[in-house]
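What follows is a set of notes on a single structure, which appears directly below.
The values are calculated or read from the model by the stated rules, or taken from the named source; none is laboratory data. Worth saying up front: this structure is predicted, and the values here are computed from it rather than measured. Neighbour counts run over all protein chains shown; Cβ positions are idealised from the backbone, glycine included. SASA here: full protein model, heavy atoms, side chains in, ligands and nucleic acids out. Shrake-Rupley method; radii C 1.70, N 1.55, O 1.52, S 1.80 Å.
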Amino acid sequence: MKKSVLAGTGMAALAAGLLIFASNRSEATQVAPAAAGNAGTVKLTDVPERVYWGDTHLHTANSVDAFGFGNRLMPEDALRFARGEEVTSSTGIKAKLARPLDFLVITDHAEGLGSTKAFYDTPRSQIRDPRMLHWYDLMHQGIGGSLKATAEMLIARGKNEGAFGFDAGGDKLTRSVWDAQIDTVERYNQPGRFTAFIGFEYTLMDGGNNLHRNLVFRDGGSKARQVLPADPGFLKTPDRLWDYMDAYEKKTGGKVLAIPHNSNLSNGLMFMMTEPGGGPMSAAYARRRAAHEPLVEITQIKGDSETHPFLSPNDEFAGFGVAGWDQNNLLHSQPTTPDMYAGDYVREALKRGLQIAQRTGENPYKFGVVGSTDSHTALSTADDDNFFGKHPGVEPNPHRTTDTLIPGMPKEKVGIMNWQTLASGYAAVWARANTRAELWDAMKRREVYATTGPRMVLRFFGGWNFTDSDLKGDWVHAGYGRGVPMGGTLGTRGKNGAPSFIVSALKDPIGANLDRVQVVKGWTDKAGKSHEKVFDVVWSDMDKRRIMNGKVPAVGNTVDTGKATYANSIGAPALATVWTDPEFDPTQRAFYYLRVLQIPTPTWMDYDKVKFNETLPAEIPLTQQERGYTSPIWYTPPVS
């Protein structure tokens with residue numbers, strides 16, 4: 001459905017007008033990318049030997065809201081930044097990663113792709129709708145007015161009033177922006193060195209309830225440009241997206257997968273036990289969802305979606321990244337109540353998947369996990385000491401720690417204080433080489449994990465006969481040869497009884513030591529009820545930190561919040577073990593995943609406090625324990 005409010009504009013408008021931050025024009029023409037290599041000449045290892053770091057969720061000025069928030073960086077700027085080059089942010093700050101990423105997926109919103117820029121560039125005399133004229137004038141007042149206009153548009157979108165998708169050129173504009181974006185991504189894709197994926201975001205919402213998905217194409221431009229990004233309009237279920245994906249694959253012979261994100265803001269709709277219509281979920285529906293959505297994004301700027309203390313009261317580390325985000329839906333249009341949490345968080349979804357599989361034989365929530373930024377600055381950084389915020393309005397400045405998420409808007413309108421955003425996360429992919437095909441295939445088979453920012457190296461293999469002696473040899477090949485990696489399903493049960501797991505965690509080479517490694521287990525009993533338990537399986541200083549009252553004592557805290565520093569005098573640089581499930585019941589469906597905790601480190605707010613010499617309210621946390629989550633390994637009982 002079109003939401004036309006303008007007439008007589010179109011592509012000519014794109015070339016007209018001045019940008020409100022003229023000094024921050026795209027630097028796209030200043031540096032040419034290196035010549036793209038040939039994926040067919042890239043050497044493959046026999047098994048995945050390297051982990052590749054990237055971001056599967058990034059917005060540029062082509063996103064309808066990002067431009068409104070003041071983002072003036074284009075896809076080429078985003079790609080240059082991701083591969084380690086210095087760029088100038090939309091507010092004029094020099095920005096560069098300490099270490100480049102290995103891959104990037106630019107996922108601009110399909111809804112109104114490029115239309116805010118076109119709207120902004122339209123001559124004022126051609127705008128007739130009073131409300132649109134109001135927003136147009138606000139946007140031309142500068143960043144404060146632009147933020148206010150965008151906030152009002154988001155509120156209107158939450159009421160299904162069709163604020164976005166200005167139709168400043170319709171499909172013609174979408175085609176032009178999509179083709180240009182593909183051209184840029186193709187030029188920056190360098191097989192073996194840096195992978196640039198083609199993608200977009202399907203911004204599905206039920207009112208303000210978040211049901212967003214990111215699409216990642218395995219293919220190059222010759223196939224992806226045969227379609228346009230799909231705009232969900234005012235649809236409320238993902239079925240049409242899956243139709244779109246099926247049609248694309250049938251038409252082109254290509255492949256595409258979808259990654260849901262921010263389930264924590266769905267008000268219980270992301271991981272339902274039923275089909276959208278309210279009836280029991282069928283095996284066919286469950287199978288279709290699992291086939292199209294092999295991954296979920298478990299952590300990002302807008303909070304962490306692993307679990308909630310209400311759902312996991314016995315998990316002492318369950319509250320990470322929850323504050324503020326568990327009170328309302330995405331657009332602050334409907335309060336969240338505890339009975340909705342079970343449909344919002346990933347661990348509970350994994351448990352629900354087992355329950356549905358027990359009833360139907362199909363698991364709709366058999367997914368792996370990635371982290372990504374969802375940054376709307378075009379800058380993929382999840383580093384607390386190099387954090388550029390959700391959008392240009394909260395790029396580094398002396399007051400962003402105490403601003404609301406949209407500065408200038410009161411908290412009762414926005415719902416979130418900016419300090420409640422996380423400098424999170426990254427996607428880690430185990431693959432045989434850095435190419436589109438290898439990375440995408442690893443995503444499809446779920447051999448991936450998430451971190452909240454640190455580049456810790458995590459391995460997780462499950463099998464039936466691993467022992468401590470395996471860690472003394474080539475345990476990686478043993479893991480692949482006699483078991484399955486993260487994302488896999490245990491094979492036929494051996495006579496030895498319980499499954500055993502090879503667990504290995506290395507700290508970020510330039511980051512903090514590790515506190516502990518935990519195995520999170522979920523299972524269903526004969527009655528179909530789900531359960532969970534967290535096992536501490538290996539931790540630093542085990543001789544000194546003996547379990548007391550069933551818990552491992554805290555690792556300590558070396559953070560000097562007055563200097564925003566920490567010391568690696570506690571914790572361990574590496575932790576490894578072979579763990580066997582002591583409570584295994586071969587009749588019960590189960591999953592296992594790793595959660596790896598760092599020692600405490602400063603938050604981005606502490607780095608800001610020191611940099612800008614601020615005095616912050618006591619409610620703002622200055623330390624945290626960052627973490628990584630692997631994709632699960634599943635066990636399914638044999639059919640009796």
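Quick rundown of the values:
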{"quantity": "Positions within the range 495-520 being open to solvent by 30 Å² or more (accessible area, probe 1.4 Å) and part of a loop (DSSP other than H, G, I, E, B), in sequence order", "calculated": "Lys495, Asn496, Lys507, Pro509, Ile510"}
{"quantity": "Residue, farthest from Glu438 (Cα to Cα), within the range 247-272, restricted to residues that are in contact with a helix residue (DSSP H, G or I) (Cβ under 9 Å, 6 or more places away or on another chain) and surrounded by fewer than 14 Cβ atoms within 10 Å (Cβ to Cβ)", "calculated": "Lys251"}
{"quantity": "Single residue of the range 232-246 satisfying the filter (out of contact with any Leu (no Cβ under 8 Å at 6 or more places or on another chain) and closer than 22 Å to Ser176 by Cα) that is surrounded by the fewest Cβ atoms within 10 Å (Cβ to Cβ)", "calculated": "Gly233"}
{"quantity": "Members of the range 239-286 that are among the charged types (D, E, K, R) and out of contact with any strand residue (DSSP E or B) (no Cβ under 8 Å at 6 or more places or on another chain)", "calculated": "Asp239, Arg240, Asp243, Asp246, Lys250, Lys251, Glu275"}
{"quantity": "Exclusive hit being of a type in the set (Gly, Ala, Ser) and more than 20 Å from Pro509 (Cβ to Cβ), set Ala567, Ala590, Ala572", "calculated": "Ala590"}
{"quantity": "Selection from the range 353-376 of residues that are over 21 Å from the mean Cα position of the chain (by Cα) and either within 30 Å of Leu97 (Cα to Cα) or open to solvent by 10 Å² or more (accessible area, probe 1.4 Å) (or both)", "calculated": "Gln355, Gln358, Arg359, Thr360, Gly361, Glu362, Asn363"}
{"quantity": "Search result, residues across the range 117-135 that are farther than 16 Å from Arg72 by Cα, surrounded by 19 or more Cβ atoms within 10 Å (Cβ to Cβ) and not polar (S, T, N, Q)", "calculated": "Ile127, Trp135"}
{"quantity": "Residue selected from the range 171-182 under the condition surrounded by 15 or more Cβ atoms within 10 Å (Cβ to Cβ) and over 26 Å from the mean Cα position of the chain (by Cα), by the criterion modelled with the lowest pLDDT", "calculated": "Leu173"}
{"quantity": "Number of the condition not met by Gly221 [criteria: (1) modelled with pLDDT of 95 or more; (2) surrounded by fewer than 21 Cβ atoms within 10 Å (Cβ to Cβ); (3) closer than 19 Å to Arg288 by Cβ]", "calculated": "(3)"}
{"quantity": "Residue ID - nearest to Ile143 (Cα to Cα), chosen from residues in the range 52-80 that are buried (at least 24 other Cβ atoms within 10 Å of the Cβ) and of a type in the set (Asp, Glu)", "calculated": "Asp77"}
{"quantity": "Cross-chain or 6+ apart pairs with Cβ under 8 Å, the range 576-592 first and over 17 Å from Phe466 (Cα atoms), then open to solvent by 30 Å² or more (accessible area, probe 1.4 Å) and hydroxyl-bearing (Ser, Thr, Tyr)", "calculated": "Arg589/Thr636"}
{"quantity": "Tabulated pairs, the range 296-325, first more than 18 Å from Tyr426 (Cα to Cα), second of a type in the set (A, V, I, L, M, F, W, C) and surrounded by fewer than 17 Cβ atoms within 10 Å (Cβ to Cβ), C-beta under 9 angstrom, 6+ apart or interchain", "calculated": "Ala318/Phe310"}
{"quantity": "Any chance Leu405 is under 30 Å from Gly68 (Cα atoms), hydrophobic (A, V, I, L, M, F, W, C) and without any contact (Cβ under 8 Å) to a residue 40 or more places away in the chain", "calculated": "yes"}
{"quantity": "From Asp536, Asp541, residue being in a strand (DSSP E or B) and open to solvent by 20 Å² or more (accessible area, probe 1.4 Å)", "calculated": "Asp536"}
{"quantity": "Cross-chain or 6+ apart pairs with Cβ under 7 Å, the range 546-571 first and part of a loop (DSSP other than H, G, I, E, B), then open to solvent by 90 Å² or more (accessible area, probe 1.4 Å)", "calculated": "Thr558/Ser569"}
{"quantity": "Flag if Phe310 is farther than 24 Å from Val87 by Cα, open to solvent by 10 Å² or more (accessible area, probe 1.4 Å), among the hydrophobic types (A, V, I, L, M, F, W, C) and over 19 Å from the mean Cα position of the chain (by Cα)", "calculated": "yes"}
{"quantity": "Only listed residue being in contact with a strand residue (DSSP E or B) (Cβ under 7 Å, 6 or more places away or on another chain) and among the hydroxyl-bearing types (Ser, Thr, Tyr), chosen from Ser333, Ser375", "calculated": "Ser375"}
{"quantity": "Single match in Thr45, Thr41 (criterion: open to solvent by 20 Å² or more (accessible area, probe 1.4 Å) and modelled with pLDDT of 95 or more)", "calculated": "Thr45"}
{"quantity": "Pair list, Cβ < 6 Å and 6+ apart or interchain, from the range 265-277 residues that are more than 27 Å from Gly415 (Cα to Cα) to residues that are modelled with pLDDT of 95 or more and crowded, with 17+ Cβ neighbours inside 10 Å", "calculated": "Met273/Arg352; Thr274/Met281; Glu275/Met281; Glu275/Tyr285"}
{"quantity": "Total residues in the range 344-364, condition assigned to a loop (DSSP other than H, G, I, E, B) and closer than 16 Å to His308 by Cβ", "calculated": "2"}
{"quantity": "Residues located in the range 521-533, provided they are in a strand (DSSP E or B), more than 15 Å from Ala318 (Cβ to Cβ) and of a type in the set (Gly, Ala, Ser)", "calculated": "Ser530"}
{"quantity": "Tyr341 being within 29 Å of Glu532 (Cα to Cα) and in a loop (DSSP other than H, G, I, E, B)", "calculated": "no"}
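Yes or no, residue by residue, for (1) open to solvent by 10 Å² or more (accessible area, probe 1.4 Å); (2) part of a loop (DSSP other than H, G, I, E, B); (3) over 28 Å from Leu104 (Cα atoms):
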| residue | (1), (2), (3) |
| --- | --- |
| Val429 | no, no, no |
| Ala433 | no, yes, no |
| Glu438 | yes, no, no |
| Asp441 | yes, no, no |
| Leu458 | no, no, no |
| Phe461 | no, no, no |
| Asn465 | yes, yes, yes |
| Gly481 | yes, no, yes |
| Gly491 | yes, yes, yes |
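Yes or no, residue by residue, for (1) open to solvent by 10 Å² or more (accessible area, probe 1.4 Å); (2) more than 30 Å from Thr489 (Cα to Cα):
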position: Asp525; (1), (2): yes, no
position: Glu532; (1), (2): yes, no
position: Met548; (1), (2): yes, yes
position: Val555; (1), (2): yes, yes
position: Asp560; (1), (2): yes, yes
position: Asn568; (1), (2): yes, yes
position: Trp579; (1), (2): yes, no
position: Phe591; (1), (2): no, no
position: Asp606; (1), (2): no, yes
